[in-house]
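*Asks:* Structure below; questions to follow.
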Amino acid sequence: MTSISIQTAQASDAVTIAELTEELGYEASVAETERRLAEILGDDDHAVFVARLDDEVIGWVHVAGMKRLEATFFAELGGLVVKETARRHGVGRRLTEAAARWARDAGYRTLRVRSNVVRPEAPRFYESVGFSRVKDQQVFARKLSGGR
């Protein structure tokens, strides 16, 4: 996999991003992915990078600046996925490095990621690219009416 390039995502990548998102186990219609991607690409506090093998998108990463009152501001990976057939060839590492460069250039000193327990291989990957476990937590959600 020598001809892999990392580039800023384009609106035209939405179809493949949606397919890869579903491969990760999340529902992602093309229409919803197009809407989300357009909004994210228009926000300077977010970036999405894709890995291309020739002309095919084989992975993506989303990174965003997080501003919290109780903590030093940080950047966080919102999602990272590499096509199953392209895994273990350094694609995830290269996408993570692109996100880290964006975060450094945006002035953040820390890059975080949350890892779902249903993917036991993910923590090993993140540790291999320089992340350290800082806490375990539970995530709660409350549905709201009328939101996006």
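The values are calculated or read from the model by the stated rules, or taken from the named source; none is laboratory data. Bear in mind that the values here come from a model prediction, so they are computed numbers and not experimental data. Cβ sites come from the backbone with ideal geometry, for glycine too, and all protein chains shown count toward neighbours. To get the accessible areas, we keep the full protein, side chains included, count just its heavy atoms, and leave off ligands, DNA and RNA. Shrake-Rupley method; radii C 1.70, N 1.55, O 1.52, S 1.80 Å.
*Asks:* Quick check on the stretch 68-80. Is at least one of its residues touching a residue at least 24 places away in the same chain (Cβ under 8 Å), touching a Gly at 6+ places or on another chain (Cβ under 9 Å) and buried (at least 20 other Cβ atoms within 10 Å of the Cβ)?
*Replies:* Yes: one or more hits.
*Asks:* When Leu77 is evaluated against the numbered criteria (1) modelled with pLDDT of 95 or more; (2) more than 23 Å from Tyr26 (Cα to Cα), which criterion, by number, is the only one it fails?
*Replies:* Condition (2) is where Leu77 drops out.
*Asks:* I've got another one for you. Return the residues of the stretch 85-133 that are without any contact (Cβ under 8 Å) to a residue 12 or more places away in the chain, of a type in the set (A, V, I, L, M) and open to solvent by 90 Å² or more (accessible area, probe 1.4 Å); say none if nothing qualifies.
*Replies:* Correct list: Val117 only.
*Asks:* Is it true that Gly146 is open to solvent by less than 90 Å² (accessible area, probe 1.4 Å), farther than 19 Å from Leu20 by Cβ, modelled with pLDDT of 90 or more and over 18 Å from the mean Cα position of the chain (by Cα)?
*Replies:* No, not satisfied.
*Asks:* Additional query: Taking the condition at pLDDT below 95, among the small types (Gly, Ala, Ser), in contact with a Phe, Trp or Tyr (Cβ under 8 Å, 6 or more places away or on another chain) and surrounded by 12 or more Cβ atoms within 10 Å (Cβ to Cβ), does Gly65 pass?
*Replies:* When the stated conditions are applied, Gly65 does not pass them.
*Asks:* Could you tell me whether the stretch 68-75 includes any residue that is part of a strand (DSSP E or B), of a type outside the set (Phe, Trp, Tyr), over 19 Å from Glu19 (Cβ atoms) and touching a Ser or Thr at 6+ places or on another chain (Cβ under 8 Å)? Full working, then the answer.
*Replies:* Here is the first cut: in the stretch 68-75, the residues part of a strand (DSSP E or B) are 68, 71-75.
Imposing the further condition that a residue be of a type outside the set (Phe, Trp, Tyr) reduces the set to 68, 71-72, 75.
Filter once more, so that each one left must be over 19 Å from Glu19 (Cβ atoms): 68, 71-72, 75.
Filter once more, so that each one left must be touching a Ser or Thr at 6+ places or on another chain (Cβ under 8 Å): 72, 75.
Within the stretch 68-75, one or more residues are part of a strand (DSSP E or B), of a type outside the set (Phe, Trp, Tyr), over 19 Å from Glu19 (Cβ atoms) and touching a Ser or Thr at 6+ places or on another chain (Cβ under 8 Å).
*Asks:* So which residues in the stretch 50-62 are out of contact with any Asp or Glu (no Cβ under 7 Å at 6 or more places or on another chain) and either open to solvent by less than 10 Å² (accessible area, probe 1.4 Å) or among the basic types (Lys, Arg) (or both), if there are any at all?
*Replies:* Ala51, Arg52, Ile58, Gly59, Val61 - these are the residues of the stretch 50-62 that are out of contact with any Asp or Glu (no Cβ under 7 Å at 6 or more places or on another chain) and either open to solvent by less than 10 Å² (accessible area, probe 1.4 Å) or among the basic types (Lys, Arg) (or both).
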